[in-house]
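Enquirer: Sharing a structure, written as structure tokens. Questions coming.
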Amino acid sequence: MILAVRVMRSLYKIHKQRIKIMEFEFIAAYLVLGAFAGLMGGMLGIGGGVIIVPVLIILFTWQQLPSELIPILAVASSLGSIIVTSFAAMRAQSKRNAVDWEIFRQWSVLVVIGGFCSGFIASYLPAYGMKLGIAIFLLVVAIIMLSQWPTLSAWFSSAVRKWLRNRC
């Protein structure tokens, strides 16, 4: 959230340049992007950020936003939408008594600290570094999805469970 505010302040300062902010084509593109990401997320179970971040980078470039802010703004926008959907999902799961509140209490402080730290670090990363990190992450996700690599998922789940057992 802090990162998004910093980016919006920077954009406001350079708004007086020739930046195409909200023309009809962009509004339509954002609506199509949201619908497509939601459809793919629902059908394939992939996170919307896998689709949204790369397309936002393309759209922000098309809008002639400053290149050093584009990857940060794309990630911040994706994370902003995750806040709303995560809260709605948490409420729905809580009503079904499907939330382990003990794990929530154990992880919540670390998640908040990690969010602030990653936002702070990301604000000092160059745009190229952010784009490279996003590209590598998407490549790994694509390899896992295409190879249907269940052993990685099983290994990660068991490693997390062991770590939690040792800590709790």
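Enquirer: May I ask you to verify whether Gly41 is touching a residue at least 24 places away in the same chain (Cβ under 8 Å), under 22 Å from Ile144 (Cβ atoms) and surrounded by 12 or more Cβ atoms within 10 Å (Cβ to Cβ)? Give the steps one after another, and end with the answer.
Expert: Details: touching a residue at least 24 places away in the same chain (Cβ under 8 Å): no; under 22 Å from Ile144 (Cβ atoms): yes; surrounded by 12 or more Cβ atoms within 10 Å (Cβ to Cβ): yes.
No, not satisfied.
Enquirer: Something else now. Suppose the filter is surrounded by 13 or more Cβ atoms within 10 Å (Cβ to Cβ), more than 16 Å from the chain's Cα centre (by Cα), without any contact (Cβ under 8 Å) to a residue 24 or more places away in the chain and farther than 17 Å from Val53 by Cβ; does Val99 pass it? Break it down into steps so the answer makes sense when it comes.
Expert: On the way: surrounded by 13 or more Cβ atoms within 10 Å (Cβ to Cβ): yes; more than 16 Å from the chain's Cα centre (by Cα): yes; without any contact (Cβ under 8 Å) to a residue 24 or more places away in the chain: yes; farther than 17 Å from Val53 by Cβ: yes.
In short, yes.
Enquirer: Consider Glu25 against the criteria (1) modelled with pLDDT of 80 or more; (2) assigned to a helix (DSSP H, G or I); (3) within 30 Å of Ile143 (Cβ to Cβ): it satisfies all of them except one. Which criterion is unmet?
Expert: (3)
Enquirer: If you scan the stretch 59-89, which residues turn out to be in contact with a helix residue (DSSP H, G or I) (Cβ under 9 Å, 6 or more places away or on another chain), aliphatic (A, V, I, L, M) and not in a loop (DSSP other than H, G, I, E, B)? Don't jump to the end; show me each part of the working.
Expert: Here is the first cut: in the stretch 59-89, the ones in contact with a helix residue (DSSP H, G or I) (Cβ under 9 Å, 6 or more places away or on another chain) are 59-63, 65-82, 85.
Next, from what is left, pick out any that are aliphatic (A, V, I, L, M): 59, 65, 69-70, 72-76, 79, 82.
Passing the criteria: Leu59, Ile70, Ile72, Leu73, Ala74, Val75, Ala76, Leu79, Ile82.
Enquirer: Same structure, new question: Look through Phe36, Phe60 and report the one residue that is more than 15 Å from the chain's Cα centre (by Cα), closer than 21 Å to Leu146 by Cα and at pLDDT 85 or above.
Expert: On the way: Phe60 fails: closer than 21 Å to Leu146 by Cα.
Just a single option satisfies the conditions, and that option is Phe36.
Residues are listed down the side, and each one gets a yes or a no for (1) charged (D, E, K, R); (2) at pLDDT 85 or above; (3) under 30 Å from Pro71 (Cα atoms):
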position	(1), (2), (3)
Val111	no, yes, yes
Ser118	no, no, yes
Ala127	no, no, yes
Ile136	no, yes, yes
Val141	no, no, yes
Ser147	no, no, yes
Arg161	yes, no, no
Arg165	yes, no, no
Cys168	no, no, no
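Enquirer: Follow-up. Test of understanding: among Ile134, Ile143, which residue is assigned to a helix (DSSP H, G or I), farther than 30 Å from Glu25 by Cβ and either in contact with a helix residue (DSSP H, G or I) (Cβ under 9 Å, 6 or more places away or on another chain) or of a type outside the set (Ser, Thr, Tyr) (or both)? Before you say what the answer is, go through the steps one by one.
Expert: Working: Ile134 fails: farther than 30 Å from Glu25 by Cβ.
When all the criteria are applied, what remains is Ile143.
Enquirer: So which of Ser118, Ser108, Ser123, Ser94 ends up being over 20 Å from Ala37 (Cβ atoms), among the polar types (S, T, N, Q) and either touching a residue at least 12 places away in the same chain (Cβ under 8 Å) or in contact with a strand residue (DSSP E or B) (Cβ under 8 Å, 6 or more places away or on another chain) (or both)?
Expert: Values: Ser118 fails: either touching a residue at least 12 places away in the same chain (Cβ under 8 Å) or in contact with a strand residue (DSSP E or B) (Cβ under 8 Å, 6 or more places away or on another chain) (or both); Ser108 fails: either touching a residue at least 12 places away in the same chain (Cβ under 8 Å) or in contact with a strand residue (DSSP E or B) (Cβ under 8 Å, 6 or more places away or on another chain) (or both); Ser94 fails: either touching a residue at least 12 places away in the same chain (Cβ under 8 Å) or in contact with a strand residue (DSSP E or B) (Cβ under 8 Å, 6 or more places away or on another chain) (or both).
None of the other options fit; the residue is Ser123.
The values are calculated or read from the model by the stated rules, or taken from the named source; none is laboratory data. Remember, it's a predicted structure, so these values are computed and weren't measured experimentally. Methodologically, a virtual Cβ is constructed for each residue, glycine included, from the backbone with ideal geometry; neighbour enumeration extends over all protein chains shown.
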